[in-house]
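Engineer: Here it is, the structure in full.
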Number of protein chains: 6
Amino acid sequence: MKKHIRIIHPAINADSLGGRFRQFENEQLKISFTCLDYGPDILASRLGVALATPDTCAKAKEAEREGVDALVIDCMGDVGCHEARESVSIPVLGPYETSLHVAGLLGHSIGVATMVDEVIGIMEIMAKQFGTGDKLAAIRAIQMSVAEMEADPGLRDQRLVEVSEQLVKIDGAGVVILGCAEMQGAEKRVSAFLAERGVNVPIIEPVSTTIMIAAALVDAGLTHSKQSFPEPRINQIAGYDKLAGLIRGSDRWNK
Amino acid sequence: MKKHIRIIHPAINADSLGGRFRQFENEQLKISFTCLDYGPDILASRLGVALATPDTCAKAKEAEREGVDALVIDCMGDVGCHEARESVSIPVLGPYETSLHVAGLLGHSIGVATMVDEVIGIMEIMAKQFGTGDKLAAIRAIQMSVAEMEADPGLRDQRLVEVSEQLVKIDGAGVVILGCAEMQGAEKRVSAFLAERGVNVPIIEPVSTTIMIAAALVDAGLTHSKQSFPEPRINQIAGYDKLAGLIRGSDRWNK
Amino acid sequence: MKKHIRIIHPAINADSLGGRFRQFENEQLKISFTCLDYGPDILASRLGVALATPDTCAKAKEAEREGVDALVIDCMGDVGCHEARESVSIPVLGPYETSLHVAGLLGHSIGVATMVDEVIGIMEIMAKQFGTGDKLAAIRAIQMSVAEMEADPGLRDQRLVEVSEQLVKIDGAGVVILGCAEMQGAEKRVSAFLAERGVNVPIIEPVSTTIMIAAALVDAGLTHSKQSFPEPRINQIAGYDKLAGLIRGSDRWNK
Amino acid sequence: MKKHIRIIHPAINADSLGGRFRQFENEQLKISFTCLDYGPDILASRLGVALATPDTCAKAKEAEREGVDALVIDCMGDVGCHEARESVSIPVLGPYETSLHVAGLLGHSIGVATMVDEVIGIMEIMAKQFGTGDKLAAIRAIQMSVAEMEADPGLRDQRLVEVSEQLVKIDGAGVVILGCAEMQGAEKRVSAFLAERGVNVPIIEPVSTTIMIAAALVDAGLTHSKQSFPEPRINQIAGYDKLAGLIRGSDRWNK
Amino acid sequence: MKKHIRIIHPAINADSLGGRFRQFENEQLKISFTCLDYGPDILASRLGVALATPDTCAKAKEAEREGVDALVIDCMGDVGCHEARESVSIPVLGPYETSLHVAGLLGHSIGVATMVDEVIGIMEIMAKQFGTGDKLAAIRAIQMSVAEMEADPGLRDQRLVEVSEQLVKIDGAGVVILGCAEMQGAEKRVSAFLAERGVNVPIIEPVSTTIMIAAALVDAGLTHSKQSFPEPRINQIAGYDKLAGLIRGSDRWNK
Amino acid sequence: MKKHIRIIHPAINADSLGGRFRQFENEQLKISFTCLDYGPDILASRLGVALATPDTCAKAKEAEREGVDALVIDCMGDVGCHEARESVSIPVLGPYETSLHVAGLLGHSIGVATMVDEVIGIMEIMAKQFGTGDKLAAIRAIQMSVAEMEADPGLRDQRLVEVSEQLVKIDGAGVVILGCAEMQGAEKRVSAFLAERGVNVPIIEPVSTTIMIAAALVDAGLTHSKQSFPEPRINQIAGYDKLAGLIRGSDRWNK
């Protein structure tokens, strides 16, 4: 049975990012993509995440109504992932939480190579919150913004190799997670360069890995716990106009 | 110097709740109150919290512009507290995080008496996230909704006494936090009833305690770390109409 | 591309157990099964595990030579899983470590319903070792041996329902793992009975779930870390006769 | 209502240190100061702390009899703080425990800049004991004794700036605590120098911060838990002559 | 070579307690006993412990001068143990810290059967401080004071059996520590009664076990770390009269 | 009463290693030595450990039948230690678990100086499993194999001094464990060299220290918990020929 997985990119103006996922489609797997109509263009702050969460939940409800089998958030901040789980019954997976668990399955301690220093603190707190902080060796930044990575992918890969080597040799990591959804595509080159330097560790690209895990959960007939993510109870929403209507969407939790 | 503390109740339709705080005003302390214009009426879900966060941040910026000295969130979900810290420089305190730290100062292990079972999981995760999980003995629910507590405050107090006694005698708590902002006013009766049963532990009413701590931080000249809560970078917000304008408010983080 | 997953049951005299896995085969997934030629018939002790490990490693090497894509151990003791990872490069997954990570993805805290009290201690230590102990709410036993479960599956299911309900209601679990490979098949009935009682939590059957995750890792091109599981160096093995030869198998680690 | 807070410096020959606290007095706050009659002159050892504890408890009882509202220990070893809590009912706060909790409220991870290496071990153990070890990023020493800091406050400030920068940039601290009561007065200069280098973190001066928190607890009507700090039962004390009499002081715990 | 171990009972009026230790003497082991001249008669409070510490240190220095090989504190509060380590170079062992480590060597999780509820909190904190909290399953009280245990040893043993069984069956303990030095002599009867009920766990009597470990450390040529327990620096002690002189004793740390 | 302790070296071809232990014999202590007949020659891998475990258990049963009082494993991998505890009632101690507990008794944090980087990961996991991970400061490798240490003991000692100094000065260790059984004999020289550099920490040689602790447990009448290490139940073992017979040995666990 063909599974349908929807990728939600939790920011506006991001339609062009959907093309990256076509490569994962096959006879068993249909992949569709959406980004937000309502929300911010940049996510790397708590406020950005908060502004992106309502429409992410609306997009999740829309996907469930359309018969999608599972949802994957296309951002390492796992934006709206746990909130959306309250509203839908199909699996919703965030790439950070998922890749931390997959990394835990593959090796003894985990390194994360992220963009910039300012997200390290929040990523450490999230790892604790996910119950995976115990295996986290270190998070190191390559000190490049999304724009800089797009402008110079070669430099991005070189920095990823350097930082990954530090994560393994200095911090003792046995597995490395690429800590930003915009690093997709670098994993094979980084892995090859590291192998040349005698460093053989799995390099996890979080979003593509999360797609595979989402498909596995569908095959296993599993979804998140309604005990842990109970249905929200809200009677009235003021001031979100169309968005409020979309979030309600069905009459599930809106009396 | 008179300090001005603003209470933000992070839900709509809550103007009537402001009266509770007048009793804390004195020559040194001015207290003002606001609730939300945009957001949900009920908060006890991750989605409710997400919908309440944007206007909480807008209200925080407004307060800072008006010269308020510190902000206190009037909800045990600490709704929007860390997000607002990114946008303003005056102290913003949530009653759950604050009362967990105060409880840690007063005794060896902490019990929380909350409303209903369904919030226990998220409150445990929040305590870990705040770095205070180590001292948390247990969270127990009195099994009453906000509406039920309002309808029968006598029953609420009786249940609080029973649950507090269990927290102390079964779970070993040395301090008890009233785990919902709507339990305000019960602390003295609960404390007296417990003392009659030979149980002498501090009963912390979170919001009033947080007001006192906020005033102390102002006196000490301290506010939250901009290293931990850096300024958000967002270029564009779609679909929040007036709310988006309010969040930007000043031109601080909006280029 | 069709994936080939081999199930290794790490005990002797267990050929009849292979039939259970045929149901998971499809156009994308070939499943083969083997049990041990050398080792014990019962595994529920550290000694039993030690005696089962060498031939499990031999069977893993054999599978890798035959072009199998991934290996799944058919025992909640994850017998020989980490040892076999040293010798082969294809993914090797144990159902206990895997289902703890999957459970962590689906809910806030994890309950395990196992057979008998005497394995609880070792299962708790293993969860710590896997770095997942932080999310483990409790392990409870249904107090039935493998033989008793086989003799009375109805009683087994009834006990599983009772114990699962305790894990959720008393211990706060949001997800329940069936803690023994011999409970396979019970998950749907247990889940349905629990739903009737108003308890809606995912019930994870570990071995089938692990098969799906193994397939996902193959799809994602991921395997365990050679940094964490380096190639063993042994020059000589005395007294394992044929078994020693099988373990060497290829000349990979045997100089 | 004017609050009266007493500072106890837990060493002998320290009368001259009281002047530092006059700046914190105002219409709401009376501050008095005492040092010990019986005990050691230097505290930086477990033995020094043990010798200072009895008279600290005697001074605490004396203060309670005199109607003082709260007590603050003037030493980062929190000398006698928990012992005195057994004997009195007014709040007793140590600056190390208090500033760790305040730092936890203001940022994600905490750095401490202390005097010399030899106190780091005991300060790490104390942070664990207080339940705040989880948020402690690192403790670093400026390698100056109290005498050296007094002789060259400029060098002290320079070293504090250097060490604070290391705590933030290398250890990831978001808040810095000045780890010795003798660093009082440096906080503003250190903060300004750090800001020039682009490091914006709160610098907590522990004793003055603890005075503000003590006043807040008085305002909130809170004191430590008698469940956690029960009344001591001692029938007879040999060999402490006058000191023993002072400790008994009232007939509260001395039958 | 005959080893000489000195037992220090850290309270006054306790000379009669020394006889208990004669049974452990043999050709290899000389045991001497002392109690305090200066200090309290009852220890079960932080204040009691503080008042007992100075003379415990004096007795430790006296023992070292007399050529004693190792010291054992005769109280589960490990009174003065870490303070005395600063002043002497021979091993000083407390029975609580030592028995927690021995219990950790013998089984997976540790139960402690103590006297009364009011010491449980402080014993839990001490276990964390010793780095052994991770293995502590639970501490339960038999609800008898020292006086009551002396008056009715039969009842004491019966309660110990009941509480030990709860520690094993409810809390999952694999080893039980008798949590008070006054329970010495009960270990064999408790062990036998438990065996009759099918509960086979080691029952550790802390003081006698600590004597054996102290002898082992002497044989291994090991003592505590001066890095962790550095020499105290104190110039002057006021008001301890004779006791101050005894603590200085030699001129080791007193300039 | 003379105690008889048997050292089991868990590898083949190691008879020559027994001579090292004669120095510990005296009137109270008889020491005998055995190595394996069946198993690998090199242990530094999980597979090596698995292949060594069965005959280690057989040797343990043999020793118990011969009236030996306690067993010590001669390898820092604690090979077969917990498995053998299931089969015998006399104490079985591994040097890694034992020296971690002894180190915990002697200082605040523990450093381990091991051979090569590749064993660090597994040693960290073992420390967590033993419940002692909390006190482990760091494990550092001297980067020499067993063969290289044997070829150049002077270089080994020099590297141990360097690495021990790093463990103390950089990682904050207060105690250092020699992390390989082949470092025996270096402890005094390393200790002396470190003292010359002003570093005074206990250097624990694990196997000799474990012998002393084993003797202490015999004197204290203590052995491991049968609750934690229950008797194995195995009906049939295939393919271990003579070894299987030896493991059964008596009819204790073999029905």
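The values are calculated or read from the model by the stated rules, or taken from the named source; none is laboratory data. Since the structure is predicted, the reported quantities are computational estimates derived from the model, not experimental observations. Here the Cβ positions follow ideal geometry from the backbone for every residue, glycine too, while neighbour counts run over all protein chains shown. For accessibility, only protein heavy atoms count, side chains too; no ligands or nucleic acids. Shrake-Rupley method; radii C 1.70, N 1.55, O 1.52, S 1.80 Å.
Engineer: Condition first: part of a helix (DSSP H, G or I) and closer than 25 Å to E:GLU124 by Cα. Can you find one or more residues in the stretch B:134-149 that meet it? Working first, answer last.
Structural biologist: Pass one, the stretch B:134-149, residues part of a helix (DSSP H, G or I): B:134-135, B:146-149.
So of that shortlist, the ones also closer than 25 Å to E:GLU124 by Cα come out as B:134-135.
There is at least one residue in the stretch B:134-149 that is part of a helix (DSSP H, G or I) and closer than 25 Å to E:GLU124 by Cα.
Engineer: Right, here's the next one. Could you identify the single residue in C:ASP117, C:ASP134 that is within 9 Å of chain A (Cβ to nearest Cβ) and either open to solvent by 40 Å² or more (accessible area, probe 1.4 Å) or farther than 25 Å from A:ASP134 by Cα (or both)?
Structural biologist: Working: C:ASP117 fails: within 9 Å of chain A (Cβ to nearest Cβ).
Within the list C:ASP117, C:ASP134, the selection yields C:ASP134.
Engineer: Which residue pairs have Cβ atoms closer than 7 Å, lie 6 or more positions apart in sequence or on different chains, and pair a first residue in the stretch B:227-243 that is crowded, with 21+ Cβ neighbours inside 10 Å with a second residue that is basic (Lys, Arg)?
Structural biologist: B:PHE229/B:ARG85
Engineer: Scan the stretch F:34-56 and report the pairs whose first residue is assigned by TED's automatic domain parsing to the domain that holds F:ALA244 and buried (at least 24 other Cβ atoms within 10 Å of the Cβ) and whose second residue is among the hydroxyl-bearing types (Ser, Thr, Tyr) and modelled with pLDDT under 95, with Cβ atoms within less than 6 Å and a gap of 6+ or a chain change.
Structural biologist: Hits for this filter: F:ASP55/F:TYR38.
Engineer: Still on this model: Within the stretch E:1-20, can you find the residues that are outside any strand (DSSP E or B) and crowded, with 21+ Cβ neighbours inside 10 Å?
Structural biologist: Residues satisfying the conditions are E:PRO10, E:ALA11, E:ILE12.
Engineer: Which numbered condition in (1) touching a residue at least 40 places away in the same chain (Cβ under 8 Å); (2) open to solvent by 10 Å² or more (accessible area, probe 1.4 Å); (3) at negative phi is the only one that C:GLY67 fails?
Structural biologist: (3)
Engineer: State the number of residues belonging to the stretch B:194-211 that are crowded, with 24+ Cβ neighbours inside 10 Å and either within 25 Å of A:ILE122 (Cα to Cα) or free of Cβ contacts under 8 Å to residues at least 24 places away in the same chain (or both).
Structural biologist: Count: 1.
Engineer: Taking B:GLN23 as meeting all but one of (1) in a loop (DSSP other than H, G, I, E, B); (2) open to solvent by 30 Å² or more (accessible area, probe 1.4 Å), write down the number of the exception.
Structural biologist: Every condition holds for B:GLN23 apart from (1).
To keep it simple, each residue is scored yes or no on (1) away from chain D (no Cβ under 12 Å); (2) of a type in the set (S, T, N, Q).
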site	(1), (2)
E:ALA14	no, no
E:GLU25	yes, no
E:SER32	yes, yes
E:TYR38	no, no
E:ALA70	yes, no
E:VAL88	no, no
E:ALA103	yes, no
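Engineer: Restricting to the stretch D:87-124, give me the number of residues that are modelled with pLDDT of 95 or more and farther than 30 Å from B:PRO230 by Cα.
Structural biologist: So the answer is 7.
Engineer: Right, next: Scan D:SER145, D:SER109 and give me the residue that is away from chain B (no Cβ under 11 Å), of a type in the set (S, T, N, Q) and either over 19 Å from D:GLN166 (Cβ atoms) or surrounded by 19 or more Cβ atoms within 10 Å (Cβ to Cβ) (or both).
Structural biologist: Details: D:SER109 fails: away from chain B (no Cβ under 11 Å).
Exactly one residue qualifies, and that residue is D:SER145.
Engineer: Let me ask you something else. Being acidic (Asp, Glu) and under 17 Å from E:SER228 (Cβ atoms) is the filter here; which residues of the stretch E:55-86 pass it?
Structural biologist: Step one: filter the stretch E:55-86 for residues acidic (Asp, Glu), giving E:55, E:62, E:64, E:66, E:69, E:74, E:78, E:83, E:86.
Listed by number, the residues that qualify are E:ASP78, E:GLU83, E:GLU86.
Engineer: Still on this structure: Give me the residue from the stretch C:168-188 that is under 21 Å from the mean Cα position of the chain (by Cα) and part of a helix (DSSP H, G or I) and, out of that set, surrounded by the most Cβ atoms within 10 Å (Cβ to Cβ).
Structural biologist: C:MET183
Engineer: Return the pairs, sorted by first residue and then second, in which the second residue is acidic (Asp, Glu) and assigned to a helix (DSSP H, G or I), the first residue lies in the stretch E:1-28 and is in contact (Cβ under 8 Å) with a residue 60 or more places away in the chain, the beta carbons are less than 8 Å apart, and the residues are 6+ apart or on different chains.
Structural biologist: Taking only residues 6 or more apart or on different chains, the pairs are E:LYS3/E:ASP219; E:PRO10/E:ASP55.
Engineer: Just to be sure before I move on: is D:THR98 assigned to a helix (DSSP H, G or I) and within 14 Å of chain B (Cβ to nearest Cβ) in the structure I sent? First the steps, then the outcome.
Structural biologist: Working: assigned to a helix (DSSP H, G or I): yes; within 14 Å of chain B (Cβ to nearest Cβ): yes.
Yes; evaluated as a whole, the condition is true for this residue.
Engineer: Of (1) without any contact (Cβ under 8 Å) to a residue 12 or more places away in the chain; (2) not assigned by TED's automatic domain parsing to the domain that holds E:GLY131, E:LEU105 satisfies all except one. Which?
Structural biologist: Only one criterion is unmet by E:LEU105, namely (2).
Engineer: Continuing with this model, one more query. A:GLU124 passes all but one of (1) open to solvent by less than 20 Å² (accessible area, probe 1.4 Å); (2) within 11 Å of another protein chain (Cβ to nearest Cβ); which number fails?
Structural biologist: (1)
Engineer: Taking the condition without any contact (Cβ under 8 Å) to a residue 60 or more places away in the chain, open to solvent by less than 10 Å² (accessible area, probe 1.4 Å) and out of contact with any strand residue (DSSP E or B) (no Cβ under 9 Å at 6 or more places or on another chain), does A:VAL161 pass?
Structural biologist: It is true that A:VAL161 is without any contact (Cβ under 8 Å) to a residue 60 or more places away in the chain, open to solvent by less than 10 Å² (accessible area, probe 1.4 Å) and out of contact with any strand residue (DSSP E or B) (no Cβ under 9 Å at 6 or more places or on another chain).
Engineer: Here's a follow-up. Residue check: is B:ALA216 without any contact (Cβ under 8 Å) to a residue 60 or more places away in the chain, crowded, with 24+ Cβ neighbours inside 10 Å and out of contact with any Phe, Trp or Tyr (no Cβ under 7 Å at 6 or more places or on another chain)? Steps first, answer last, please.
Structural biologist: Working: without any contact (Cβ under 8 Å) to a residue 60 or more places away in the chain: yes; crowded, with 24+ Cβ neighbours inside 10 Å: yes; out of contact with any Phe, Trp or Tyr (no Cβ under 7 Å at 6 or more places or on another chain): yes.
Against the criterion (without any contact (Cβ under 8 Å) to a residue 60 or more places away in the chain, crowded, with 24+ Cβ neighbours inside 10 Å and out of contact with any Phe, Trp or Tyr (no Cβ under 7 Å at 6 or more places or on another chain)), B:ALA216 qualifies.
Engineer: For the condition within 15 Å of the chain's Cα centre (by Cα) and either within 30 Å of D:ALA127 (Cβ to Cβ) or in a helix (DSSP H, G or I) (or both), what is the one hit in B:ALA58, B:ALA50, B:ALA63, B:ALA103? Spell out how you get there, then give the answer.
Structural biologist: On the way: B:ALA58 fails: within 15 Å of the chain's Cα centre (by Cα); B:ALA50 fails: within 15 Å of the chain's Cα centre (by Cα); B:ALA63 fails: within 15 Å of the chain's Cα centre (by Cα).
One residue alone meets the criteria, B:ALA103.
Engineer: Quick check on the stretch D:220-242. Is at least one of its residues at pLDDT 85 or above, part of a helix (DSSP H, G or I) and more than 7 Å from every other protein chain (Cβ to nearest Cβ)? Please lay out each step first, then the result.
Structural biologist: First, pick out the residues of the stretch D:220-242 that are at pLDDT 85 or above: D:220-238.
Of the ones still in play, those that are also part of a helix (DSSP H, G or I) are D:220.
Filter again for more than 7 Å from every other protein chain (Cβ to nearest Cβ), leaving none.
There is no residue in the stretch D:220-242 that is at pLDDT 85 or above, part of a helix (DSSP H, G or I) and more than 7 Å from every other protein chain (Cβ to nearest Cβ).
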